[in-house]
């Protein structure tokens, strides 16, 4: 079976409570048009999504369709390794500097669970770079990247308008 659209979200009144089968996605797969997946219940299927997914992406709880057995195929975003950057109130500009440095590496940036927290996908060079910024603390943690809390997502519909001497 090939699914081509999202028919709603499992939180929607008309869909919640129906039998569900979850499909695991890593954060970097959420803006891709083509997928071959197997649900947790063993349903093999393909996704052929329109250009809308490049900008909007899939979200936690999105319903991809209904299986022949009457179960809804529901998107579940897996946690991934993240750099968690926490600001220090006595150094208010430090978190802004960290955001700037992440942007300068063309990395994805997300708001964290608190006002003084940012997330970016883990990479050792970025972790080391951020570790040297006075006024922030950095740690490596398993987190779920929620695109509803994205600040910037280069390569995922955010656009990129400057060049580096090319």
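What follows is calculated from the coordinates using simple rules that are stated; it is not laboratory data. Model, not experiment: these values are computed from the prediction. As a convention, Cβ positions derive from the backbone with ideal geometry for all residues, glycine included, and neighbour counts pool all protein chains shown.
Values as computed for the structure displayed
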| quantity | calculated |
| --- | --- |
| Stokes-Einstein translational diffusion, the range 2-76 - Kirkwood Rh over all Cα pairs, 0.692 mPa s, 37 °C, in µm²/s | 268 |
| Cα-based helix-to-principal-axis angle, 92-104 vs the chain, degrees rounded to 10 | 60 |
| Within the chain, helix-based [θ] at 222 nm, where runs of 4 or more DSSP H residues each add -39,500 (n - 2.57), nearest 500 | -4000 deg cm²/dmol |
| The range 2-76, relative contact order [Cα under 8 Å, separation at least 6], % | 42 |
| 19 Å tail of the calculated P(r), the range 80-152, as % of Cα pairs | 21 |
| The range 75-154: relative contact order in percent, alpha carbon pairs under 8 Å with at least 6 residues between | 46 |
| Protection proxy ranking of 66-78, 124-136 - average other beta-carbon atoms within 10 Å, highest first | 66-78, 124-136 |
| Compactness of the chain as Cα Rg over 2.2 N^0.38 Å, two decimals | 1.19 |
| Distance between the range 1-36 and the range 53-83 - C-alpha centres, whole angstrom | 3 |
| Computed label-point distance, nm, for sites residue 7 and residue 76 using a 7 Å Cα→Cβ extension | 2.0 |
| Extended-chain gain in nm, criterion 0.36 nm per residue less alpha-carbon gap, residue 24 and residue 89 | 19.7 nm |
| Residue 52-residue 96 FRET efficiency (beta carbon distance; Förster radius 35 Å; 0.05 resolution) | 0.60 |
| Sequence of 62, 24 once ranked by neighbouring C-beta atoms within 10 Å, starting from the fewest | 24, 62 |
| Fraction of beta bridges assigned by DSSP in the chain that are antiparallel (%, nearest 5) | 75 |
| Relative contact order of the chain, defined on C-alpha pairs under 8 angstrom at six or more residues apart (%) | 22 |
